[in-house]
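J.: Here it is, the structure, as structure tokens.
The values are calculated or read from the model by the stated rules, or taken from the named source; none is laboratory data. Just so we're clear, the structure is a prediction, and the values are computed from it rather than from any experiment. Using ideal geometry, Cβ is built from the backbone for each residue, glycine included, and neighbour counts are taken over all protein chains shown. When the accessible area is computed, the model is the full protein with side chains, heavy atoms only, and any ligands, DNA or RNA have been set aside. Shrake-Rupley method; radii C 1.70, N 1.55, O 1.52, S 1.80 Å.
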Amino acid sequence: MNEPTLSIKEKNLLVQTCLLAGKILIENGSELNRVSDTIKRIAANAGVPNLRAYVTITGIMISIDDDDTVAKIAEIDQRDFDLRRIEVVNRLSRKFAAHQITLHRFYRMLQKIPYFGRYYQFWQRLLAAALLSGMISVIFTHDYGDFWLTSVVGMLGWLIYQGVRKRVTASFISEFVAATVIGMVAIMAVRLGLGHSADNIIIGAVMPLVPGVQITNAVRDLIYGNLISGPARGIEALICACALGFGVSLALIWLG
Amino acid sequence: MYFILVLIEVYIATVGFAVLINVSPRALNLSGLVGTAGYVSYLGYQALISDNYVAENLVGAFTIGIVGMLAARYKKMPVIVFNIPALVPLVPGGQAYQVMKYIALRQPHVAFSYVMQVVMIAGALAMGFLLAELFIQAGDVVHRWFSTWRATSYRRK
């Protein structure tokens, strides 16, 4: 082993790079097994096999087990799904493993990732939300009559969710408001004779918002032995489901 | 005919969710196909073997795990890009919402049966992914043994 020993400055940069990569991965919905795997792999490729990483869903701590120890912490406040960023981190990490980019360049390119935009225009995402709600409702209930109404209500719900989320910083309020509007619109539409079953319309329309994937990720984290992050993610998904369920029940209680 | 219609619907729903979570356009079509493959095995198990929702979801997630891993290797992208959209027709999101609705409407006994469904389905999906990962790793090991065995036997000859 004639690995070049890194200077303290380079070790600091390595720890910062690992922190940033892990932070981006967790913020965009990766499971924790993959995050610690990526961090260990970056460190091994930089020639530091004795890097220690403690990864949870709300923060990461990384240090190098060394005489001139450097340890750093990153906190993670918000979690969302944006697979483009995960993909970019993955691609950069592969390039780094193949020695196509240096550590400095890797870190600089990671710093640009939070400014990446969306692949799709707003109307395309709106259309996707409408199709998702309509199709899911048809798959679950085999009722083709409510397809158009479910699509429209789902699109409206997603629109309100995005609008409230952009303006209000408190989490779970956006889900609550969107679910209330979805419930009220669905019930009114059935009363006006536009649809058959309010329940089917509501189930389809809340589908772009429900935390089904988060629940499954929580169980996956638990199975891999992340006994802190698995339950934390589960609680987050539970509160999100609570907000949706209470929002719809509010509409049901008001309009009966 | 009805079966094909359901598969088209699953494909569109999967691609819709993929657009919402910003999957790259290069992977959209394949993620839709992975989702359809998962739902085919789900429906096939339901029709041919038994109508048990835990086993159905396990089989569906297992298929998604394997096909998703193959797609990820083909496109050289992280496997999560294909797995998460493909999971959407199977995840217990609807049931999770029903739980909270019935709790708010003061019918806890109905809510509890939905809680059991959510927990069992989420567990089945996670176990399905784990089994798929084990299966792929086992396949890689066998492949490596086979290739080294073939190389050495070739050299001997």
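J.: Segment B:2-156: percent of C-alpha pairs farther apart than 23 Å? If you can, show how the numbers build up before the last one.
T.: On the way: 5602 of 11935 pairs.
Counting every Cα pair in segment B:2-156, those more than 23 Å apart make up 47 percent.
J.: What residues have an amide H closer than 5 Å to that of A:GLY59, excluding those fewer than 5 places away on the same chain, when H is modeled at 1.01 Å from N in the peptide plane?
T.: For A:GLY59, the qualifying residues are A:ILE76.
J.: Which value, in debye to the nearest 20, describes the size of the charge dipole of chain B about its Cα centre when Lys and Arg Cβ atoms bear +1, Asp and Glu Cβ atoms bear -1, and nothing else is charged? Numbers along the way, then the final one.
T.: On the way: 11 positive and 5 negative charges, 182 e Å.
In debye, rounded to 20, chain B gives about 880.
J.: Let me ask you something else. How large is the convex hull of the Cα atoms of the protein assembly as shown per residue, expressed in Å³ as a whole number? Walk me through the numbers before you get to the answer.
T.: Numbers: hull volume 69.2 nm³, N = 413.
It is 168 Å³ per residue.
J.: Let me ask you something else. Can you work out the accessible area per residue across chain A, with the rest of the protein chains kept in place, probe 1.4 Å, in square angstrom? Don't jump to the answer; show the numbers that get you there.
T.: Working: 12220 Å² over 256 residues.
Result: 48 Å² per residue.
J.: Also, quick follow-up: Is it possible to state the helix-based mean residue ellipticity at 222 nm for chain A, with each DSSP H run of 4+ residues giving -39500 (n - 2.57), the sum divided by total residues, to the nearest 500 deg cm²/dmol? What is it?
T.: Taken over chain A, the calculation gives -21500 deg cm²/dmol.
J.: Which whole-angstrom value gives the distance between the alpha carbon centres of segment A:201-249 and segment B:60-91?
T.: Computed from Cα coordinates, the inter-centre distance equals 20 Å.
J.: Here's another thing I want to ask about it. Could you identify which residue out of A:GLY234, A:GLY117, A:GLY204 has the top mean-square fluctuation in a GNM of chain A using Cα springs shorter than 10 Å?
T.: Comparing A:GLY234, A:GLY117, A:GLY204 in a Gaussian network model of chain A, the most mobile one is A:GLY117.
J.: Would you be so kind as to identify which of A:MET188, A:ILE173, A:SER151 lies farthest towards the positive end of the dipole of segment A:123-256, taking Lys and Arg as +1 and Asp and Glu as -1 on Cβ and the Cα centre as origin?
T.: A:ILE173
J.: Nearest 20 debye, what's the magnitude of the dipole of chain A about its Cα centre given +1 on Lys and Arg Cβ and -1 on Asp and Glu Cβ?
T.: Details: 25 positive and 20 negative charges, 163 e Å.
The dipole of chain A has a size of about 780 debye.
J.: Give me log10 I(q)/I(0) at q = 0.22, 0.23, 0.24 Å⁻¹ for segment A:8-115, Debye formula, one equal scatterer per alpha-carbon, no solvent.
T.: After summing over all Cα pairs, the log10 values are -1.23, -1.35, -1.46.
J.: Quick one: what are the phi-derived ³J(HN,Hα) couplings along segment A:160-168, Karplus 6.51/-1.76/1.60 with θ = phi - 60°, whole Hz, x for glycine and proline?
T.: Calculated HN-Hα couplings, in order: 5, 4, 5, x, 5, 4, 6, 9, 10 Hz.
J.: I would also like to ask the following. Angle, helix B:25-48 long axis vs. longest principal axis of chain B, Cα atoms, 0 to 90°, nearest 10?
T.: 70
J.: A follow-up question, please. Out of B:GLY44, B:SER147, B:GLY65, whose Cα points farthest toward the positive end of the dipole of chain B (charges: +1 Lys, Arg; -1 Asp, Glu; placed on Cβ)?
T.: Going by the Cα projections, it comes out as B:SER147.
J.: For chain A, modelled as a GNM with alpha-carbon contacts under 10 angstrom, which of A:TYR144, A:TYR115, A:TYR107 fluctuates the most?
T.: Sorting by GNM fluctuation, first place goes to A:TYR115.
J.: Counting Lys and Arg as +1 and Asp and Glu as -1, each charge on the Cβ, what is the dipole of segment A:122-255 about the Cα centre in debye, to the nearest 20? Please report the intermediate quantities before stating the final value.
T.: Numbers: 7 positive and 6 negative charges, 77 e Å.
Here segment A:122-255 has a charge dipole of around 380 debye.
J.: Counting each DSSP H run of 4 or more residues in chain B as -39500 (n - 2.57), what helix-only mean residue ellipticity at 222 nm follows after dividing by all residues, to the nearest 500 deg cm²/dmol? Don't jump to the answer; show the numbers that get you there.
T.: Values: 6 runs with 135 residues, N = 157.
After summing the helix terms and dividing by residue count, I get -30000 deg cm²/dmol.
J.: Along the charge dipole of the protein assembly as shown, Cβ charges K/R +1 and D/E -1, which of A:LEU19, B:MET120, A:PRO208 sits furthest on the positive end?
T.: The Cα lying farthest towards the positive end belongs to A:LEU19.
J.: Using protein heavy atoms only (no ligands, DNA or RNA), what is the total accessible area buried between A and B, 1.4 Å probe, nearest 100 Å²?
T.: Values: alone 14480 and 10080 Å², together 20000 Å².
Chains A and B together bury approximately 4600 Å².
J.: I'd like the accessible area for A:ARG191: 1.4 Å probe, protein heavy atoms, all chains in place, Å² to the nearest 10.
T.: Result for A:ARG191: roughly 140 Å² accessible.
J.: Determine the order of A:VAL185, A:VAL15 by accessible area, beginning with the largest, at a probe radius of 1.4 Å.
T.: Working: A:VAL185 50, A:VAL15 0 Å².
These residues rank, largest area first, as A:VAL185, A:VAL15.
J.: How large is the accessible surface of A:VAL210 in square angstrom, using a 1.4 angstrom probe and rounding to the nearest 10?
T.: Taking all protein chains as shown, A:VAL210 has close to 20 Å².
J.: Using a simple spin-label model with points 7 Å from Cα along the Cα→Cβ vector, what separation in nm is obtained for A:HIS142 and B:ARG150?
T.: About 4.7 nm, to one decimal.
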